[in-house]
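Below: the structure, in C-alpha cells.
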Amino acid sequence: MKGIISLCAALAVIISSVGSVPFKASAETAALTASAAENTVEYDLSGPKSQIEKDGVSYDLFGGYAAVSYVKDENIEEFTVPETVEGLPVVGVQWGAFRNCSKIKKLTLSKNVIVNNWDSFAEKTMAEIAVTEDNENYTVADGALYSKDMKTLVAFPPAGSAEEFKVSDKTEKIDDGGLL
C-alpha cells in the first residue's frame, strides 16, 4: 500500500509539471508516428484496409504496412509482434487485439512496432513488456516501456510485479494510459 501511495504522489508531481499529454487516438483508430533521425513517417491505422489471418492472428493491411488486429488463441501467455506479415512491416497493434487473451503475461514488440494507445490492448493479466534490441522507438527500463530516449513513459504493464516504481529522471511526460 505504501508503494502505491508513493507511486501516486510521484505521478501527481510529474503530471502537474508537464501538463497534458497530446494524444490523437480513439478506441477505434490510432495514428502512429515513427521518428527517424532526419524524417518522420506517419502510419494511419484508421484508413482503408484489407485483412488476412495467419497462424491464428488477424492483421489489418494498409498501404505499405500492417497491424495486429486480433489474436484468436485465448490461452496464449506470450505474444511477439512479428516484424513483417505478407512482406509488410507490422507497425502497431489495433484496439482490442488481445480482448479474449485472458492469460497473456508477456508482450514483445519487434523492431517495426510503434505503440501509442497502450491502454487499448493491455490486458489486466499482462505482467511484462519486452522490446527487441533493434527497435528504434522503444526501450524497457525497470519493467516499464519508454520511448527510446526515455523522455516519455509509455506504459507499465497492469500486472507488473513492482511494489514501488520510480519514473526515470529523463522522463518529461507520461502517455495517456501509461500506468494502468
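For the reader, a short list of remarks on this structure follows.
- When the C-alpha to C-alpha distance is required to be over 20 Å, the pairs from 124/173; 49/105; 111/148; 103/173; 148/173; 54/148 that qualify are 124/173; 49/105; 103/173; 54/148.
- Under-5 Å amide H pairs with residue 130, H placed in peptide plane, nonlocal only: 107, 108, 109
- In the range 39-168, the DSSP beta bridges split such that about 65 percent are antiparallel, to the nearest 5.
- Spacing of the two label points (7 Å from each Cα toward its C-beta) at residue 133 and residue 159, in nm: 2.9
- Counting protein heavy atoms only, the range 35-105 has 42 percent of its accessible area on carbon and sulfur, 1.4 angstrom probe.
- On a per residue basis, the range 45-158 carries 44 Å² of accessible surface, using protein heavy atoms and a 1.4 Å probe.
- Counting heavy atoms of the protein chains alone, residue 124 has an accessible area of about 150 Å² for a 1.4 Å probe.
The values are calculated or read from the model by the stated rules, or taken from the named source; none is laboratory data. These numbers come from a predicted model, not from an experiment. Every residue, glycine as well, gets a Cβ built from its backbone with ideal geometry; the counts of neighbours run over all protein chains shown. Protein only, heavy atoms only, side chains kept; ligands, DNA and RNA dropped before computing areas. Shrake-Rupley method; radii C 1.70, N 1.55, O 1.52, S 1.80 Å.
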